[in-house]
């Protein structure tokens with residue numbers, strides 16, 4: 001038996017939140033829950049996870065087919081909320097915003 005202080009225990013999220021694409025959607029948002037979600041997604045080779053407007057990446061230290069032409073086409077010109085988390089989606093959304101901003105100088109700052 002292991003003795004654990006109550007300060008070191010955290011509430012678990014329901015199983016329906018396992019491998020969730022955006023960690024801000026977790027019902028119990030704390031560091032162990034975020035790390036568990038990242039580890040769980042990484043174990044399935046899903047290396048990108050949203051945290052609100054940010055995209056967290058866990059480096060797999062191996063080649064994964066996440067940048068092939070099919071993935072690029074699937075992510076291009078789509079809102080980040082429509083496609084699974086991916087750096088190409090983030091960069092394309094940023095680029096599209098810069099093209100559509102009314103004041104081009106502010107869009108490039």
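The values are calculated or read from the model by the stated rules, or taken from the named source; none is laboratory data. Nothing here was measured: the structure is a model prediction, and the numbers come from that model. Neighbour counts run over all protein chains shown; Cβ positions are idealised from the backbone, glycine included.
Between 11, 4, 46, the distinction of being under 27 Å from residue 97 (Cα atoms), outside the structural domain of residue 97 (by TED's automatic domain parsing) and in a loop (DSSP other than H, G, I, E, B) belongs to 46 only.
Here 55, 75 are screened, and the one residue that is surrounded by 14 or more Cβ atoms within 10 Å (Cβ to Cβ) and either in the same structural domain as residue 92 (by TED's automatic domain parsing) or over 30 Å from residue 96 (Cβ atoms) (or both) is 75. Among the residues making up the range 20-43, those that are part of a loop (DSSP other than H, G, I, E, B) and under 10 Å from the mean Cα position of the chain (by Cα) are 20, 21. Of the residues making up the range 39-86, those that are without any contact (Cβ under 8 Å) to a residue 24 or more places away in the chain and in contact with a strand residue (DSSP E or B) (Cβ under 6 Å, 6 or more places away or on another chain) are 41, 47.
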